[in-house]
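What follows is one structure encoded as structure tokens, with my remarks underneath.
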Amino acid sequence: MSLAERADAFKRWATTQPEVMDAWLKLYRRMLEVINPTLEEAGITIKDVTRVAFPNSGKDVVEQRWTAALGMTLAQSTWEFGKTIGHISASDQIIALDHLLTTGELNPGDHYLMVGIGPGITLSSAVIGINQRPSWLL
């Protein structure tokens, strides 16, 4: 079975189903309803976010569904790293944070937005402000 062909067939089918498209739009609205208060509490806007992490997934999902909904690019996400390890449950965003800090892709003054999507479409988000390099990297 070709998973790429199967995914393409699903996309073609889903775009013809109004209820599927309505569900995606509802999910995007809910995602913003979770993220916007998180950004407000952190005292920043989405434009201040240096990098964003979602559960590790395929390029199309991250680029077309998640980063686009936030007005961000794939390069601002952790997809490039995530594609090398795949989805590892609730640890995706934390392991990506460690990677970004270790490689110097996040530095003091940067903001890292983590977005979680769990069972039952449970959405969560957090902003981490980078104030200094972690002591284990000095």
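The values are calculated or read from the model by the stated rules, or taken from the named source; none is laboratory data. Remember, predicted model here, so these are calculated numbers, not experimental data. Don't worry about glycine lacking a Cβ; one is built from the backbone with ideal geometry, like all the others, and counts go over all protein chains shown.
Consider residue 2 carefully, then state whether it is modelled with pLDDT of 80 or more, exposed (fewer than 15 other Cβ atoms within 10 Å of the Cβ) and farther than 21 Å from residue 134 by Cβ.
In short, no.
How do the pairs read when you match residues in segment 1-16 that are of a type in the set (A, V, I, L, M) with residues anywhere that are at pLDDT below 75 and part of a helix (DSSP H, G or I), using Cβ under 7 Å and keeping only pairs 6 or more apart or on different chains?
Final answer for the pair search is 14/20.
Say whether the condition of being closer than 18 Å to residue 45 by Cα, polar (S, T, N, Q) and in contact with a helix residue (DSSP H, G or I) (Cβ under 6 Å, 6 or more places away or on another chain) is met by at least one residue in segment 74-88.
Scanning segment 74-88 turns up at least one residue that is closer than 18 Å to residue 45 by Cα, polar (S, T, N, Q) and in contact with a helix residue (DSSP H, G or I) (Cβ under 6 Å, 6 or more places away or on another chain).
Anything in segment 59-108 that is outside any helix (DSSP H, G or I), surrounded by fewer than 15 Cβ atoms within 10 Å (Cβ to Cβ) and among the hydroxyl-bearing types (Ser, Thr, Tyr)? List them, or say none.
Residues satisfying the conditions are 73, 103.
Between 104, 71, 58, which is out of contact with any Leu (no Cβ under 6 Å at 6 or more places or on another chain), at pLDDT below 90 and either of a type in the set (Gly, Ala, Ser) or farther than 25 Å from residue 4 by Cα (or both)?
58
Tell me which residues, restricted to segment 5-19, are touching a helix residue (DSSP H, G or I) at 6+ places or on another chain (Cβ under 9 Å) and either of a type in the set (Lys, Arg) or surrounded by 12 or more Cβ atoms within 10 Å (Cβ to Cβ) (or both).
7, 11, 14, listed by residue number.
As an exercise: evaluate residue 22 against (1) touching a helix residue (DSSP H, G or I) at 6+ places or on another chain (Cβ under 8 Å); (2) under 28 Å from residue 10 (Cα atoms) and give the number of the one condition it does not meet.
Every listed condition holds for residue 22 apart from (1).
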